[in-house]
1. Can you give me the distance in nm between label points at N393 and Y15, each placed 7 Å from the Cα along the Cα-to-Cβ direction?
2. Springs between alpha-carbon pairs under 10 angstrom, Gaussian network model over the chain: which of V355, V80, V324 fluctuates most?
3. Please sort by residue number the trypsin sites (Lys or Arg not before Pro) in region 6-68 whose DSSP state is loop and whose Cβ has at most 12 other Cβ atoms within 10 Å.
4. Send over the per residue convex hull volume for region 1-150, Cα only, as a whole number of Å³.
5. Give, rounded to the nearest 20 debye, the magnitude of the charge dipole that region 1-122 has about its Cα centre when Lys and Arg contribute +1 at Cβ and Asp and Glu contribute -1 at Cβ.
6. So for each of 326-339, 86-99 I average, over its residues, the number of other beta carbons within 10 Å; can you give me the resulting order with the highest mean first?
7. Could you work out which residue, out of S19, S348, S84, moves most in a Gaussian network model of the chain, that is, has the largest mean-square fluctuation with Cα springs under 10 Å?
8. Could you identify which residue out of F297, F253, F13 has the top mean-square fluctuation in a GNM of the chain using Cα springs shorter than 10 Å?
Amino acid sequence: MYENLAVIAVFVFLYSIVSAKLEKTSFSGAILFTGFGLALGPTGLGVLELDVDAELLRTLAELTLALVLFTDASNANLRVLKRSFHIPQRLLLLGLPLTILLGVGAGLFLFDHLTFFEVALLATMLAPTDAALGKAVVTDNRVPSNLREGLNVESGLNDGICVPILFVFLTLATKMSTETSPILLTVKQVVGEIGIGMVTGFVLVFIGNWLLNRCLDLDWITETWHQLPVPALAVACFALAQWLGGSGFIASFAGGLLFGKLEKQRKHKLLLAAEGTGDTLALYTWVLFGSAVVGQFFEQFTWQVVVYSILSLTVIRMLPVFLVLSGIKLRPEEKLFIGWFGPRGLASIVFGVIVLHAHLPGGSIITVTAVCTIILSVILHGVSAHPLVKALNVSSGHD
């Protein structure tokens, strides 16, 4: 245990002291963290021997995603978002269903041994984009603000929307539901989880922000405790919504949007700790992913798995995005930019663990495909972020 702790602590220290320099390179944090876990894990040098069960990885990924969604939503520019909300609106209401449908079609063609609902599970697992992996794009001021806010809102909401859809397909795949029609079951779960999630996030943040400001005005909070209220509020939004049967991801993002709207003067200072906590948890998640997951599944990659993963990151994502953005005043390269930057990460990891625990006949191949897609996404989206941002900036006439 102490050897693992020492190795990870040294790595965290070294990364943190050069983080600003590394963020300007093509090697994203996720690439370095996953590569570190893989290189020093059991399939590499064997230095890290982490005994990680699926439940721990799922919990860590969920908490990381909740914090990232909350902080990204809090930092969103609502004025810009109000002007350009038609972009995420089309991506979520039209692009997301089309992406799942196209993913189902490709899966049925490539994986003839999977049932329809198992393929639907795979397509849903890989439909949501990752706010954490896309951070290099949505925080870069060289990217037009409408594109940044559109991608940020899409990645913040599609995770929560896909959760009830995933459970509908999981229920149908395990043949647990025979009385309720699939359409009625889908509508019931989607509306219920989104509604409960949004109400939970809004109510909790409204009350929490009021209490926080009253206590700050009365000088009841010491300097050291200034760092904890916002991370605790973000986790509370997620956990309470999950407990009540809603989507914790929707609650985190909705709560973050309201917090950013209500908190004007002290927002940046209060969010710093939450952002740092989210980044730290992301580091551990990707190290565990590289050490305990990548090496375990790497030998199971078949040509069908690799082909589907490539299609998932390209045609299955980019074609629907390009089509649904027709009629909006965006240049073709901007539409392709939005389509390409749909990285897969934390949400897909969470979904993969859920499906693996369901013990479906095709559960193993579904999880292997998700792992392969995430690995390719970490590498390809990480390496291409800065070059494509620069290329987009040049094509728009700003160098």
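Every read-out reported here was derived from the displayed coordinates using simple, explicitly stated rules and does not represent laboratory data. Because the structure is predicted, anything quoted here is derived from the model rather than measured. As a convention, Cβ positions derive from the backbone with ideal geometry for all residues, glycine included, and neighbour counts pool all protein chains shown.
1. Each label point is offset 7 Å from its Cα along the Cβ direction, giving 2.5 nm.
2. V80
3. For trypsin sites (Lys or Arg not before Pro) across region 6-68 that sit outside H, G, I, E and B with at most 12 neighbouring Cβ atoms in 10 Å, the list reads K24.
4. With only Cα atoms used, region 1-150 gives 168 Å³ per residue.
5. For region 1-122, the charge dipole is close to 980 debye.
6. Highest-to-lowest ranking by the protection proxy: 86-99, 326-339.
7. Greatest mean-square fluctuation among the candidates belongs to S19.
8. Top of the fluctuation ranking is F13.
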